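Below: the structure, in structure tokens.
The values are calculated or read from the model by the stated rules, or taken from the named source; none is laboratory data. What you are looking at is a predicted structure, and each value in this text was computed from that prediction instead of being measured. Here Cβ is always computed from backbone atoms with ideal geometry, including for glycine, and neighbour counts include all displayed protein chains. The accessibility values were calculated without ligands, DNA or RNA, using every heavy atom of the protein model including side chains. Shrake-Rupley method; radii C 1.70, N 1.55, O 1.52, S 1.80 Å.
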Amino acid sequence: MNPRLEAFDVLRRVEAARAFAGILLEEREGRFADPRDAALLHELVLGVLRRRAALDHAIARVSSRPLGEVDLEVLIALRLGAYALLHLDRVPDFAAVTTSVDLVRAAGRKAAAGFANGVLRQIARRGAALLPPEPARGDADALALYASHPAWWTRRLVQRVGWDRARAIVEADNLPAATVLRVRHGIDPRLDGIESRPGTFAPGALHVVSGRPTATPGFAAGTFWMQDEGSQLVPALAGVGAGARVLDACAAPGGKTLALADAVGETGFVVAADRHAGRLRRLARNVARCRLGNVAAVAADMTAPPLRAGFDVVLVDAPCSGTGTMRRHPEIRWRLRLEDLPAIAERQQRLLAAAAGLVRPGGAIVYAVCSMEPEEGASVVETFLASHPAFRRADARPFLPEPARALVGEEGYLHTSPDLDGMDGFFAARIESIADRRVAP
């Protein structure tokens with residue numbers, strides 16, 4: 001297998017078929033015998049997606065054609081070549097140019113080979129001078145181009161968190177995301193050949209420094225799974241122990257399900273629901289690998305749940321814009337539109353309302369999104385509480401490990417962000433049912 005050819009195909013499918021790069025990379029990286037080839041594939045795909053706007057800016061400055069008139073396959077080959085020339089030290093310039101021109105020919109665009117060769121040779125000659133300039137302080141549109149983020153989103157971010165914090169966030173989005181393991185409580189993870197360091201906020205978190213976790217004995221034995229440290233904090237808000245009955249209402253791919261199943265033990269159970277049967281199969285594989293026999297998977301749309309009430313805790317890890325994971329899923333930057341947010345928030349409201357009918361009196365709902373948009377976070381919770389007087393907002397701090405309590409704001413919600421010790425951006429809230437629902441707070 002050729003990592004450059006695989007990268008070209010992944011990027012083509014991401015652009016033409018709206019495929020998700022992470023899923024395609026997971027499928028293909030394990031096929032490489034040499035881990036260096038797998039690493040190059042990973043770097044090329046995510047690097048091009050993270051830097052797409054800045055790469056297009058550089059290409060457009062030396063192109064004899066408007067980029068809108070360049071075939072998609074040719075443009076992808078140019079982005080791959082430009083990324084190698086401008087961001088990779090270990091690829092010689094001549095190799096970056098030749099490889100991309102070969103990709104153009106292999107894609108059946110032989111007539112464009114000379115054009116691609118000319119563009120890339122100019123980029124090789126002029127280098128970083130073609131990239132967007134350093135933005136002036138306060139110029140959100142220039143920051144968006146410089147850091148390859150959507151202009152509409154960057155403007156909102158600057159307005160909401162200020163220039164310095166916004167710049168820190170978009171720059172963090174352009175760094176490789178760490179591989180983080182969640183180790184099962186009280187179990188030796190058996191990480192032969194892996195170098196790691198403990199996480200900062202979650203006690204079971206290990207950040208992988210080197211090595212392939214999936215090649216260790218512990219992976220096959222189910223002693224850990226991969227989960228961002230910010231995501232690891234969300235199940236803690238459930239506050240469940242042995243014997244608890246839990247519903248994970250939007251469960252796939254299952255990292256939080258596994259954590260909850262580990263917490264409730266053999267005397268409790270977790271119902272893992274998701275409307276996507278294919279994603280549930282992936283969850284089921286992880287459950288089987290971790291030998292957790294207390295999980296039942298249910299394929300269902302949880303805005304109309306086919307379940308009876310009585311759960312101690314319902315986790316609503318709702319489908320969202322994913323703006324807190326732009327570093328892991330950079331294609332989100334180029335798909336999400338401002339006008340998408342109201343429809344996403346409306347579905348989140350319906351999921352939360354349905355969860356209210358499934359939790360027992362005195363139980364709790366944990367609401368979470370991997371988004372940094374207020375419309376999907378506090379706004380959803382506050383709207384829910386306004387129409388459900390039998391529920392109240394709880395302070396997240398007592399449920400979190402001590403180091404993570406500083407991430408909770410005055411309103412009691414948990415916020416994580418990629419500029420905070422490398423975590424994905426999460427919003428999470430604990431909402432408690434009043435034991436006697438006849439009495440409003």
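Values for this structure:
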{"read-out": "Breaking point among (1) farther than 30 Å from Leu5 by Cβ; (2) touching a residue at least 40 places away in the same chain (Cβ under 8 Å); (3) open to solvent by 70 Å² or more (accessible area, probe 1.4 Å); (4) not basic (Lys, Arg), for Ile169", "value": "(3)"}
{"read-out": "Residue within the stretch 59-78 that is of a type outside the set (D, E, K, R), under 27 Å from the mean Cα position of the chain (by Cα), farther than 16 Å from Ala113 by Cβ and open to solvent by less than 40 Å² (accessible area, probe 1.4 Å) present", "value": "no"}
{"read-out": "Any chance Ser371 is of a type in the set (Ser, Thr, Tyr) and surrounded by 22 or more Cβ atoms within 10 Å (Cβ to Cβ)", "value": "yes"}
{"read-out": "Those residues of the stretch 136-166 which are within 20 Å of Trp334 (Cβ to Cβ), in contact (Cβ under 8 Å) with a residue 24 or more places away in the chain and among the small types (Gly, Ala, Ser), in sequence order", "value": "Ala140, Ala144, Ala147, Ser148, Ala166"}
{"read-out": "Test: residue in the stretch 155-166 that is touching a strand residue (DSSP E or B) at 6+ places or on another chain (Cβ under 7 Å) and surrounded by 22 or more Cβ atoms within 10 Å (Cβ to Cβ)", "value": "no"}
{"read-out": "Only one of Ala244, Ala252, Ala236, Ala259 that is at pLDDT 95 or above, in contact with a helix residue (DSSP H, G or I) (Cβ under 7 Å, 6 or more places away or on another chain), within 30 Å of Pro35 (Cβ to Cβ) and of a type outside the set (Ser, Thr, Tyr)", "value": "Ala259"}
{"read-out": "Enumeration of residues in the stretch 387-397 that are touching a residue at least 40 places away in the same chain (Cβ under 8 Å) and either open to solvent by 60 Å² or more (accessible area, probe 1.4 Å) or of a type in the set (Phe, Trp, Tyr) (or both)", "value": "Pro389, Phe391, Arg392"}
{"read-out": "Test: Ala242 is open to solvent by less than 10 Å² (accessible area, probe 1.4 Å), under 23 Å from Ala396 (Cα atoms) and part of a loop (DSSP other than H, G, I, E, B)", "value": "no"}
{"read-out": "Qualifying positions in the stretch 145-175 - more than 13 Å from Leu55 (Cα to Cα) and small (Gly, Ala, Ser)", "value": "Ala151, Gly162, Ala166, Ala168, Ala172"}
{"read-out": "Some residue of the stretch 106-126 being closer than 20 Å to Leu11 by Cα, charged (D, E, K, R) and either without any contact (Cβ under 8 Å) to a residue 12 or more places away in the chain or outside any helix (DSSP H, G or I) (or both)", "value": "yes"}
{"read-out": "Any chance Arg12 is touching a residue at least 24 places away in the same chain (Cβ under 8 Å) and open to solvent by 30 Å² or more (accessible area, probe 1.4 Å)", "value": "yes"}
